[in-house]
Amino acid sequence: MDVSTLLENNRAWVARTRREDPRYFDAMARHHAPLVLWIGCSDARVPANVVTGTDPGDVFVHRDVANQVLPMDSNIQAVVEYAIDALHVEDVIVCGHSQCGGVRAALDGRTGHSHVDSWLDGIRLVQRLHREELDAIDDPALRYDRLVELNVDEQVRNLASMGTIQQAWERGRPLRLHGWVYKLEDGLLRDLHTAHPRPTTPGKV
Ligand SMILES: [Zn+2]
């Protein structure tokens, strides 16, 4: 696809949107009040708005290779802080997906791309932590699917331990963390009901 097509598509979308709602862009420019923070994979096949049937303005998005929530990553720390403290988002979703190239690369060994390899060390750690369970799965496709789930679980736990999240809970903010997996083969999202450390005071989550 020639990128000029994207600019043409944009002009067509603006014209169509203005026809349907002449005040759409004025309203969009005035308010930024997303419902959720979505932490997903950079994979082009999993666009947050499309797969959740939401509109521009509904979802605050962070995407990286294999939906990692790494303590050393100042990018995601800033995104989470802004989403929670400034935008007052109350639901955070970490969403992995089937056929994730990042997870597969971690399973297969080194990629030869130094930045990618360094980034995927987090998944290799998840793999080591759950080696017994993963080794017991004979079917490589099922083992791969399971590592996608375990990676989501681990990233939700990383999220729960972030200072921004802990402080929000301590202040009594309603804040819920979710681990989901998107299946490319059928387009469905599944809630993993991921367990993570929560504040013990009732009513805080
Ligand atoms: Zn992916």
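The criterion of at least 2 residues that are buried (at least 20 other Cβ atoms within 10 Å of the Cβ) and either of a type in the set (S, T, N, Q) or within 16 Å of the ligand (Cβ to nearest atom) (or both) is met by the following helices (runs of 4 or more DSSP H) wholly inside the stretch 78-156: 101-108, 121-129. In the condition set (1) away from the ligand (no atom under 16 Å from the Cβ); (2) surrounded by 15 or more Cβ atoms within 10 Å (Cβ to Cβ); (3) without any contact (Cβ under 8 Å) to a residue 40 or more places away in the chain, V3 is compliant with all but (2).
For the stretch 6-36, give me each residue that is part of a helix (DSSP H, G or I) and touching a residue at least 24 places away in the same chain (Cβ under 8 Å). Full working, then the answer.
So in the stretch 6-36, the residues part of a helix (DSSP H, G or I) come out as 6-20, 24-30.
Scanning the stretch 6-36 gives a single hit, M28.
Given the condition surrounded by 16 or more Cβ atoms within 10 Å (Cβ to Cβ), more than 15 Å from the ligand (Cβ to nearest atom), in a strand (DSSP E or B) and of a type in the set (F, W, Y), answer yes or no: does some residue in the stretch 37-51 qualify? Scanning the stretch 37-51 turns up no residue that is surrounded by 16 or more Cβ atoms within 10 Å (Cβ to Cβ), more than 15 Å from the ligand (Cβ to nearest atom), in a strand (DSSP E or B) and of a type in the set (F, W, Y). Given (1) closer than 17 Å to Q155 by Cβ; (2) more than 15 Å from the ligand (Cβ to nearest atom); (3) not aromatic (F, W, Y), identify the lone condition not met by V69. Of the numbered conditions (1) closer than 17 Å to Q155 by Cβ; (2) more than 15 Å from the ligand (Cβ to nearest atom); (3) not aromatic (F, W, Y), the odd one out for V69 is (2).
Any read-out appearing in this document is the output of simple, stated calculations on the displayed coordinates, not a laboratory observation. Keep in mind that what you see is a predicted model, and the values were worked out from it rather than measured. Every residue, glycine among them, receives a Cβ derived from its backbone with ideal geometry; neighbour counts consider all protein chains shown.
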